[in-house]
Structure formats: C-alpha cells, structure tokens
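Asks: Structure below; questions to follow.
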Amino acid sequence: MIECQDIVKIYKNGDVETLVLKGVSFTINSGEFVAIMGPSGSGKSTLMHILGALDNPTSGTYELDGHDVSKLSDDELAEIRRNKIGFVFQSFNLLSRATVLRNVMLPLIYAGVSKEKRKFQAMEALAAAGLPEDRWEHLSNQLSGGQMQRVAIARALVNNPALILADEPTGNLDTKTGEIVLGTFQELNSKHNHTIVLITHEPYVAEHADRIIHIQDGLILEDKKNGNKRMARHHHLT
C-alpha cells in the first residue's frame with residue numbers, strides 16, 4: 001500500500017537550508033493501522049504532508065497503491081488526494097451551516113457523482129463512522145466535538161480511499177471523547193479493513209494502533225508492532 005524509500009526533505013529559505021527528513025524508509029501494508037509518533041519538530045508533520053500528496057520529497061521515492069507519488073505533477077497529485085486519500089484533521093474542517101449529510105457528500109459533488117449515489121454513499125459512510133442517524137440532518141455547528149470528528153471521519157471514508165490519514169484527530173477533544181474517536185478508527189480497521197495512518201505526538205494515542213513508527217530529528221528511531229495495544233472503551237456519543 002505505502003512504500004517510502006530514503007525520503008529526504010530539505011526546506012530552503014534564501015541561502016539557508018533546513019534538513020527535516022534525513023532518509024526515512026518504511027512499508028505499510030494494506031489493512032494496517034499504523035501510528036507515526038514524534039515530538040514537535042521531529043519531522044512527522046512534514047512526513048504527513050508527503051504521505052498525503054501535499055508535498056514532494058527532495059529525494060527518495062514514495063509509492064501509494066502502486067503509484068510513484070514522488071514523480072507526479074500538481075494535477076496528478078490533486079487526483080491522488082481526491083481519489084486515494086481520506087483526510088481527518090484536528091480541527092474537523094466542516095461547513096458550519098451545512099447539514100451533516102451535505103458535509104459528507106461534498107467530496108462526491110466535486111468528483112461528479114450523481115445526486116442519488118452521493119446521498120447513499122454519504123449515509124453508508126456515516127453509519128460506518130458510528131454517528132447516530134438522528135444527527136444526520138443536523139447542522140454541523142449543532143454537534144458536539146466528538147460528533148463533528150465522526151462526521152469528518154465519514155467524509156474521509158465517502159470516496160472509499162486507499163488510505164485514511166488522520167493528523168492529531170483527538171487533539172481538540174477531551175480524553176473520553178478522544179477514546180470514542182480512537183475506537184471508531186479501530187473499528188474501521190478491524191471490521192472494514194481500512195488502512196489507517198495516524199499522526200500524533202501522544203504516546204497514549206499511538207498505543208491504540210497495531211504498529212508504532214517513532215520518528216525524531218528526521219529519522220526513524222523505532223518501528224515496532226504494538227504488543228500492548230490499548231483498546232478504546234466504548235461510550236455513548238452524546
């Protein structure tokens with residue numbers, strides 16, 4: 001699914017060069033749930049931008065689902081983002097005055113999917129993300145933080161992407177609500193076999209994944225199976 005080989009990223013500001021990633025290599029198989037963990041300044045956000053086809057490496061190769069992303073044009077990168085990657089961000093990024101269903105349907109509108117099919121796929125994604133059906137016609141600004149993040153997860157699922165990329169998805173949530181959201185990711189992975197890469201600086205959050213890649217100072221310190229996986233407790237989402 002994902003193959004990164006000797007990824008180097010250098011940012012240039014005038015004559016100043018900053019080496020952020022220093023030759024990062026790893027493989028992620030289809031159906032894995034992987035956390036990429038590191039402190040602020042470790043290079044994990046830069047790596048996330050590369051995995052999300054939002055930036056290109058300075059050198060090295062990145063293949064996603066058989067495509068060499070590191071060599072694509074801007075238009076081809078946009079197509080990869082639209083069709084192959086579902087993004088979940090810390091800040092939800094929902095349209096506050098649109099209904100839950102419309103928020104989830106938006107990527108399908110841009111993709112030119114018919115109105116009937118859009119609604120059906122959005123309903124399927126919301127059910128998979130675990131948002132109660134009685135919330136689907138609510139405006140997104142009428143929801144709790146945990147509910148909004150579930151809507152964001154459904155929106156990421158709606159195109160059936162090869163990869164779900166979650167960037168600090170519990171960062172704006174309290175611990176209990178964060179557990180619910182992490183439980184949603186675990187369920188999507190175990191029951192629906194979605195490939196999930198979760199970016200976090202919190203060891204507690206990373207422990208919910210099956211595998212943890214620990215990055216620091218632009219290098220991988222450790223890449224290990226998580227033998228002590230933390231299972232999220234199931235709470236009612238209110």
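The values are calculated or read from the model by the stated rules, or taken from the named source; none is laboratory data. Keep in mind it's a predicted model, so treat the numbers as computed, not measured. Cβ placement follows ideal geometry from the backbone for every residue including glycine, while neighbour counts extend to all protein chains displayed.
Asks: Looking at (1) part of a loop (DSSP other than H, G, I, E, B); (2) out of contact with any Gly (no Cβ under 9 Å at 6 or more places or on another chain); (3) of a type outside the set (D, E, K, R); (4) surrounded by fewer than 22 Cβ atoms within 10 Å (Cβ to Cβ), find the lone condition where Ser190 falls short.
Replies: For Ser190, the exception is condition (1).
Asks: A further question on this structure: Suppose we keep only residues that are assigned to a loop (DSSP other than H, G, I, E, B) and at pLDDT 90 or above within region 122-140. Which one would you say is nearest to the chain's Cα centre (by Cα)?
Replies: Of everything passing the filter in region 122-140, Leu131 is nearest to the chain's Cα centre (by Cα).
Asks: Also, I was wondering about something else. Identify, please: which residue in region 94-109 is in a loop (DSSP other than H, G, I, E, B) and within 20 Å of the chain's Cα centre (by Cα) and is, among those, surrounded by the most Cβ atoms within 10 Å (Cβ to Cβ)?
Replies: Top of the filtered list is Leu94.
Asks: Another one. Would you check which residues across region 1-41 are of a type in the set (Ser, Thr, Tyr) and either closer than 17 Å to Val197 by Cα or in contact with a Cys (Cβ under 6 Å, 6 or more places away or on another chain) (or both) and list them?
Replies: Selection gives Ser25, Thr27, Ser30.
Asks: Which ones in region 31-60 are assigned to a strand (DSSP E or B) and closer than 27 Å to Asn226 by Cβ?
Replies: Listed by number, the residues that qualify are Phe33, Val34, Ala35, Ile36, Met37, Gly60.
Asks: To continue, here is another question. Report, by residue number, each residue of region 1-30 that is among the acidic types (Asp, Glu) and either outside any strand (DSSP E or B) or over 17 Å from Asp217 (Cβ atoms) (or both).
Replies: The answer is Glu3, Asp15.
Asks: Let me ask another. For the list (1) within 20 Å of Pro132 (Cα to Cα); (2) part of a helix (DSSP H, G or I); (3) modelled with pLDDT under 90; (4) not polar (S, T, N, Q), I need the number of the one condition that Lys119 fails.
Replies: Here Lys119 clears every test but (3).
Asks: Restricting attention to region 208-219, does a residue exist that is surrounded by fewer than 20 Cβ atoms within 10 Å (Cβ to Cβ), outside any strand (DSSP E or B) and within 19 Å of the chain's Cα centre (by Cα)?
Replies: Yes, that holds for at least one residue.
Asks: From Ile212, Ile199, which residue is over 22 Å from Asn93 (Cα atoms) and modelled with pLDDT of 90 or more?
Replies: Being over 22 Å from Asn93 (Cα atoms) and modelled with pLDDT of 90 or more holds for just one of Ile212, Ile199, which is Ile212.
Asks: Still on this structure, please answer the following. Being modelled with pLDDT of 90 or more and touching a Gly at 6+ places or on another chain (Cβ under 6 Å), is that true of even one residue in region 42-58?
Replies: yes
Asks: Also: Just one of Gly171, Gly146, Gly86 is more than 21 Å from Ile2 (Cβ to Cβ), touching a residue at least 12 places away in the same chain (Cβ under 8 Å) and either crowded, with 22+ Cβ neighbours inside 10 Å or touching a helix residue (DSSP H, G or I) at 6+ places or on another chain (Cβ under 8 Å) (or both); which is it?
Replies: Being more than 21 Å from Ile2 (Cβ to Cβ), touching a residue at least 12 places away in the same chain (Cβ under 8 Å) and either crowded, with 22+ Cβ neighbours inside 10 Å or touching a helix residue (DSSP H, G or I) at 6+ places or on another chain (Cβ under 8 Å) (or both) holds for just one of Gly171, Gly146, Gly86, which is Gly146.
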